[in-house]
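Please read the structure below before turning to the comments.
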Amino acid sequence: MGSGSILRSVDFSRPQSPSVALLDRFRFPLALPRNALYHKPLCYCGLETQPLRNTEVRAREAGVAWSAVGIPREQGKETIMKTRKLRGLEVSALGLGCMSMSSAYGPPAEKSEMIGLIRAAHEQGVTLFDTAESYGPFTNEELVGEALEPIRDEVVIATKFGFDIDLATGARRGGTNSRPEHIKAAAEGCLKRLRTNRIDLFYQHRVDPNVPIEEVAGAVKDLIDAGKVRHLGLSEAGVETIRRAHAVQPVTAVQSEYSLFWRGPETELLPVLEELGIGFVPLVHSAPVF
């Protein structure tokens, strides 16, 4: 996932009433589609590197009501956070992606401010928080772990494995690495940095062409059986890969790019996810677009 990204999670286990969750990077001003959660033609839903109050002023100048953590709301109405279910995983309708708080686009933000933002998001009803070992590497998980430690039992943490990163030094070696022994070692590092005893949603960040997906799913299944992981997720995976993984260990959610600008998943991916009852987390790279 990139900074300034919007993700909506769709629960295809209930096709008559698909569930939607929005996951936002909170670092860039974003334009949301009219059918987003707030039913406004154009909403700011981001936090730039300027103080929050500056963003609030800009939002209000644009005619958008602004809440404490950048969640647009109707004037005079309280925010009531709805929840959605991705298979058996219940999450808030709005989630918070944390990548660019400590890596990727621009310099890292002030740590204390980002911890405050994460906790303020939870106070507004957000329970879904997204990170990855590759964000930093490692530093974003450390930030999220510190921020959520006091409220760990009240939130859902999603993180990711799959890039070839030296687990001792954090050095990027290039390419992917989803060998089972590497996945299990990576999980131990994630657990330590996140200050938790379980990972709620463990995504394979990118498919590894050198490791059969059955071995990847089997490794995560072992982690689930050991109580260290609750749910398996896949990111940017093809439909046959999803089917093969799902046959070994049920996949809870698939993350893939999907927006008004790229609707490729409608052809094959969405029908397969609906068939298998797998949640969909559409990734929208809105920062480069807007």
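Data overview
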{"quantity": "Stokes-Einstein D for region 180-227, Kirkwood Rh over Cα pairs, 20 °C, 1.002 mPa s (µm²/s)", "calculated": "191 µm²/s"}
{"quantity": "Ranked list, fewest to most other Cβ atoms within 10 Å of each Cβ, for M114, M101", "calculated": "M114, M101"}
{"quantity": "Centre separation in Å (Cα based) which lies between region 161-220 and region 92-115", "calculated": "21 Å"}
{"quantity": "Long-range HN-HN contacts of A93 with modeled amide H, under 5 Å", "calculated": "K82, T83, R84"}
{"quantity": "Order by protection proxy (mean Cβ within 10 Å, highest first), peptides 199-208, 241-250", "calculated": "199-208, 241-250"}
{"quantity": "Per DSSP, loop GluC sites (Glu not before Pro) in region 107-188 with at most 14 further Cβ within 10 Å", "calculated": "E110"}
{"quantity": "Cross-link pairs K111/K160; K85/K111; K85/K160 - those with Cα-Cα distance over 29 Å", "calculated": "K85/K111"}
{"quantity": "Positive minus negative residues near V248 (Lys, Arg vs Asp, Glu; Cβ under 13 Å)", "calculated": "-1"}
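Throughout, read-outs are computed from the coordinates displayed, never taken from laboratory work. What you are looking at is a predicted structure, and each value in this text was computed from that prediction instead of being measured. So basically every Cβ, Gly included, is an ideal-geometry build from the backbone, and we count neighbours across all protein chains shown.
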